[in-house]
Amino acid sequence: MQTALRRSACTHRTGVRHQAAAARPCGVQRPGQCPTVQQRARVTAAAGIDPDNASILVCGGGGVALHVTKKLKDMGSWVWMMQRHDDRRKEIEGMMAIVARADATDRASVDKVFADIEEVDAVISSIGGSTKDPTADSTGNINVIEAAAAKGVKKFILVTSIGCGDSKDAPGEQVYKVLEPVLLQKDKAEERLKQLSDKMAYTIIRPGGLKSEAATGNGVLTSDASICGSITREDVANVVIKALLSSKTDNQVLSAVDRNQVFGEKSVAEFSL
């Protein structure tokens, strides 16, 4: 990156692009923090994450990650978006978020992203590959998970898929067989994240079949691993942010579906946030 990634609450809601804004002195408060916002920046995992002035790294190529980034920016967060390429730079910077260039499968470049950000309160990763090359689903996510733990991140949200772990039977045998190469790699990332629960709180969110339509507002989380259904990407982003802000989701594995698009005759037992 061409500039050190530092946050400055003094310039947080000005029209200045983050990457071009130099941090202004804010007295003797915590670096980059003015007295007027110091008490609002409460970002301990035990109390959930306060999005106002929190520093959040979002990892993922587009879709869910883009929706999450926009919503967090609208809530007052400092958001970095890890991108392998510059294809979406204009769109991301148009949201007043910061592009952090890195290949998630390259640990050195991931470590540099974390080193260049002064503080990282939370990480949200929806990194994924393809059935032909699912390396990012395991190696990419694990690199980010381990770097986050080393950085002292308070909460990590990993977006995987229904079909992972104990939800293997939920999508049905035929669907599972098609997605198996990806799901097995996502399983590895889930397990690594659980292993590091002594370092940071985590939430694993497994969406059902993803749709690109506008949000319905009916996206829900459930601890029922047998549930399967569809959900829009924007609704996934909505429940991801709800999970981020609630300490009730700490160290939980949850499925995400639209309550009105559940497959079969099953009803959804919603997770209480």
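Sorted by accessible area with a 1.4 angstrom probe, largest first, how do Met82, Met75 fall? Each step should come with its number before you reach the end.
Working: Met82 10, Met75 70 Å².
Sorted by accessible area, descending: Met75, Met82.
For Lys248, the solvent-accessible surface with a 1.4 Å probe is about 110 Å², rounded to the nearest 10.
Taking amide H positions as modeled 1.01 Å from N, with prolines and chain starts lacking one, the residues under 5 Å from Gln83 and 5 or more places away or on another chain are Ala100, Arg101, Ala102.
Considering only protein heavy atoms, with the full assembly of protein chains and a 1.4 angstrom probe, order Thr249, Thr135 by accessible area, largest first. Display every interim value, and only then the final one.
On the way: Thr249 0, Thr135 60 Å².
From most exposed to least exposed: Thr135, Thr249.
Rounded to the nearest Hz, the phi-derived 3J(HN,Hα) couplings of segment 177-183 under the Karplus curve 6.51 cos²θ - 1.76 cosθ + 1.60 (θ = phi - 60°) are 4, 5, 8, 3, x, 6, 5, where x marks glycine and proline. When you count the other C-beta atoms within 10 angstrom of each residue and take the mean per peptide, 233-239, 59-65, 198-204 line up highest first as 233-239, 59-65, 198-204.
Of all DSSP beta bridges in segment 131-273, what percent run antiparallel (nearest 5)? So the antiparallel bridges in segment 131-273 amount to around 30 percent.
If you take the beta carbon distance between Ala150 and Ser267 as r and set R0 to 41 Å, what does 1/(1 + (r/R0)^6) give as a FRET efficiency, to the nearest 0.05? Mind dumping the intermediate values first?
Working: r = 42 Å, r/R0 = 1.02.
Rounded to the nearest 0.05, the efficiency is 0.45.
Among the listed pairs Lys155/Lys186; Lys90/Lys168; Lys242/Lys266; Lys71/Lys112; Lys132/Lys211; Lys90/Lys211, give every one whose C-alpha distance is greater than 28 Å. Before the final figure, lay out the partial values.
Working: Lys155/Lys186 19 Å; Lys90/Lys168 38 Å; Lys242/Lys266 24 Å; Lys71/Lys112 26 Å; Lys132/Lys211 21 Å; Lys90/Lys211 24 Å.
Over 28 Å Cα-Cα: Lys90/Lys168.
Full extension of the chain between Gln252 and Asp52 yields a length gain of 69.6 nm, computed as 0.36 nm times the residue separation minus the alpha carbon distance. Rounded to the nearest 10 square angstrom, Lys188 shows an accessible area of 110 square angstrom against a 1.4 Å probe.
The values are calculated or read from the model by the stated rules, or taken from the named source; none is laboratory data. Please read these numbers as outputs of a predicted model, since none were measured by experiment. We place every Cβ from the backbone using ideal geometry, glycine too, and count neighbours over all the protein chains shown. To get the accessible areas, we keep the full protein, side chains included, count just its heavy atoms, and leave off ligands, DNA and RNA. Shrake-Rupley method; radii C 1.70, N 1.55, O 1.52, S 1.80 Å.
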